[in-house]
Amino acid sequence: MIARLVAFLELLGGARPLGGVTGSRRIALGLWWCVLFFVICATIGRATKFIYVDF
Amino acid sequence: MIFNELSYFALFLLPAVVLFHTVPSRTRPWVIGFFGAAFFVYYGYLHFGGLWGALCVLLFVWEMVTSRLYRPGSRWCLFGIAQAVAILLVFKYLTFAVGSWNDLAATLHLPPLGAAKRWLLHLGVSFFTFEFIHFAADTYWGKLERPPVGEYAAFILFFPTMVAGPIKRFQDFGPKLKTARFDPALASQGITRILVGLAKKHAIADTFALWAGRLNGPQLYTAHAHQIVAWIFAYGMQIYFDFSAYSDIAIGSGYLFGLTIPENFNWPYGSQNIAEFWRRWHISLSSWIRDYVYVPLGGSRLGRSRTAINLILAFTISGLWHGAAYNFIAWGLWHGLLLVSYRRCCESFPRLSARMPKPVAVGLTFVAVNFGWAFFSMDIGRVVVAFSRIIRLA
């Protein structure tokens, strides 16, 4: 079960290929991008730098 | 900064990707080289020391020139390694070294060196110097054939990975550069990866930062033990989501070029022991330290004691690489000692480590790694305060 959860999260995260992109998968992917875009817009602006940038 | 700036996407990533897939394949490395140099100049000027920071792009030009002289077994390769180390020493460690000497001199009544000129740490120095060293060392060992100069320029100036990795290897990157093509499936995967990276950074890492930031605030001196522990664990989550987000954006950007970049993380907090953790956390750095520090020192070939010394040395160097300060050295030592202890435990009690339930092993590793983040997130004085309060109040 954990392996399936990991696989699903990696798919959501773009770490795994989506495979054959059918019509319904395209819609799901588009919706997922919208959700991510919304989350980014809602939380952006705290202006913290990436920790590793000036290492 | 950089990956969460609109300018990264508008001025560099999108134009570079479009041009890369438009021009003939022999010109592609130069497209990456051009945009990489422009990226370095732009952000160097903006965030890392103005004109001086921007002019440091000449280091790449110099590296491209000297790399032409590299041959298997040649002294020029050793010169290349030495100059990369010198760049690191001057830009990153000189001030720290002089300051440390002056502290020691004051204690032992020795003559001080005077104030060191504070060199500005320039963009991505820790990462691109490691790629320089890899190229020179692998050419010296005969593992690499000299590529066309454009391909090497694209390798060292590939801007998505220039600032904070993943640290690439030319053997992996060079052939992919030749065969890269626009792949809609890979590109959509790349967009997902970039969006997920940005969401991880802004929604998750920055939220954990609200708690973790208290480790460096006045609250540390009045906090309860459980609060300090919670903040340290919050920092553990912050750094994971922050750095994996950065790697996601770098890797996703690479996908848009049609290039697959090595992964940097593989669910590290699910590791069952510290050795496994280092195979799954900042993978490109761990493998670099293994190949260019640990193995040349003798690795595990010279007996138990020497292996332990090599491990501790390699991790101390890794710690120092993360920052020119005592707390990073302490962090490296912490991990070196954990790894040596783990190996000794496995040798002395093989059944125990084999029979330990997985959740217990994962939990123990998670706790050990997270307590190590205390050294990473605070200077030594604060670490002492934090641990003494935890021990006293607990």
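Every number in this text was worked out from the coordinates using simple rules, so none of it is lab data. Keep in mind it's a predicted model, so treat the numbers as computed, not measured. Virtual Cβ from ideal backbone geometry, glycine too; neighbours counted across all protein chains shown.
Assorted remarks:
- Square roots of five times the Cα gyration tensor eigenvalues for chain B, Å: 35, 26, 24
- Note on the protein assembly as shown: Cα-only Rg and Dmax are 22.7, 76 Å.
- Within the shell defined by Cβ-Cβ distances under 12 Å, the residues around B:Pro350 carry a net charge of +3, with Lys and Arg each +1 and Asp and Glu each -1.
- Other residues within the sphere of radius under 12 Å centred on the Cβ of B:Gly197, judged by their own Cβ, net out at +1 (K and R +1, D and E -1).
- As a length-normalised measure over Cα pairs under 8 Å and 6 or more apart, the relative contact order of segment B:195-393 settles at 25 percent.
- Expected 222 nm ellipticity per residue - DSSP helices of 4 or more, -39500 (n - 2.57), all of chain B, to 500: -21500 deg cm²/dmol
- Between B:Gln171 and B:Arg71, the FRET efficiency from the beta-carbon distance, with R0 = 22 Å, is close to 0.80.
- Relative to the longest principal axis of the Cα atoms of chain B, the long axis of helix B:326-348 lies at roughly 70 degrees.
- Calculated [θ] (222 nm, deg cm²/dmol) that DSSP helices of n ≥ 4 give over chain A, each run adding -39,500 (n - 2.57): -20000 deg cm²/dmol
- Prolate/oblate/rounded label for segment B:6-181 (Cα gyration tensor, a/c 1.5): oblate
- All other residues whose Cβ lies under 15 angstrom from that of B:Gln272 are scored, Lys and Arg at +1 and Asp and Glu at -1, for a net of +4.
- With Cα atoms, 0 to 90° folded angle of helix B:304-322 axis to chain B main axis: 70 degrees
- Hypothetical label at B:Trp141: residues of segment B:77-102 whose amide nitrogen lies under 20 Å (7 Å Cα-Cβ projection): B:77-86
- In this simple spin-label approximation, B:Arg344 and B:Arg26 carry label points 7 Å from Cα along the Cα→Cβ vector, and these lie 6.1 nm apart.
- Overall, the anisotropy analysis places segment B:4-94 in the oblate class: the square-rooted eigenvalues a ≥ b ≥ c of its C-alpha gyration tensor yield a/c not less than 1.5, with a/b not exceeding b/c.
- Degrees separating the helix A:2-13 axis from the principal Cα axis of chain A, which is the longest one: 70 degrees
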